[in-house]
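Read-outs throughout are calculated quantities, based only on the coordinates presented, and are distinct from any laboratory measurement. Just so we're clear, the structure is a prediction, and the values are computed from it rather than from any experiment. Cβ sites come from the backbone with ideal geometry, for glycine too, and all protein chains shown count toward neighbours.
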Amino acid sequence: MTTRVPRLVLLISGRGSNMEAFIRAIEGGTLQATIGAVISNEPDAAGLEIAEQAGIQTRVVPHREYGNREVFDAALATEVLAHDPDLVILAGFMRILTPVFVDRFAGKLLNIHPSLLPKYPGLHTHQRAIDAGDSEAGATVHYVTSELDGGPPVMQVRLTIRPEDSAESLAARLLPLEHQLYPAAAALHLSGRLHLSNGLLELDGEPLPATGIDWRP
Ligand code: GRF
């Protein structure tokens with residue numbers, strides 16, 4: 001019996017460095033998967049060109065051409081489904097998704113958020129961590145629900161905030177960690193060892209901590 005290589009669809013809005021990390025992880029053999037398509041809501045997202053240069057098909061579903069979020073989400077879901085994904089990866093996708101999309105991909109939709117969730121959902125996460133006097137920042141890969149940045153965490157990576165850190169310097173040190181964390185979390189999902197039931201996540205049948213696996217590079 002042959003099992004097919006798991007297929008990913010990646011959604012982006014901008015530079016696509018996390019998307020590129022998936023391309024490199026697959027090329028390097030650390031993630032056993034194939035990318036069916038990269039889809040952007042922004043026609044001029046820089047990541048589209050990176051994907052094209054890697055030979056990956058790209059699509060644009062321009063949100064401004066749709067009357068409201070639900071209509072956009074329905075069109076986006078149709079495009080994603082056309083590529084028959086096993087797992088959908090939000091990689092810097094900057095649109096809030098409604099249940100029209102989220103419920104369709106429940107349990108196979110991941111996002112990366114640049115904070116130690118449940119701290120700092122939403123925007124300006126690095127500055128908020130600095131302003132709060134936190135000693136650590138980080139990133140979280142989580143399953144997506146219709147609660148913004150509120151779905152069950154799979155994995156987190158932490159880093160120390162330095163006294164001299166700005167939001168920019170913190171983001172710059174965090175990003176390479178995100179690039180390792182995210183494909184690792186996707187690989188864990190694809191291994192079938194994670195199980196989501198009633199909003200709670202189990203690994204090999206054991207409940208995960210509420211903040212997910214504490215992942216170290
Ligand atoms: C990353 O910081 C990610 O955590 C957040 O958006 C940013 C996307 O960057 N969700 P990129 O487009 O992957 O370079």
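Overview of values
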| quantity | calculated |
| --- | --- |
| Separation of alpha-carbon centers, the stretch 105-173 and the stretch 1-60, rounded to whole Å | 22 Å |
| Peptides ranked, highest mean first, by Cβ atoms within 10 Å: ranges 154-161, 80-87 | 154-161, 80-87 |
| Counted charge near Val102, where neighbours are those whose Cβ lies closer than 15 Å (Asp, Glu -1; Lys, Arg +1) | -1 |
| Of all DSSP beta bridges in the chain, antiparallel share, percent nearest 5 | 50 percent |
| Radius 15 Å from Cβ of His83, net charge of other residues (Lys, Arg +1; Asp, Glu -1) | +2 |
| FRET efficiency for Ser169 and Thr3, using Cβ-Cβ distance with R0 set to 30 Å, rounded to 0.05 | 0.10 |
| Ranked packing of 198-209, 171-182, most packed first, by mean Cβ within 10 Å | 171-182, 198-209 |
| Full-extension gain in nm, Ala210 to Val71, via 0.36 nm per residue minus C-alpha separation | 46.7 nm |
| Local net charge near Gly55, Cβ-Cβ under 14 Å (Lys/Arg +1, Asp/Glu -1) | -3 |
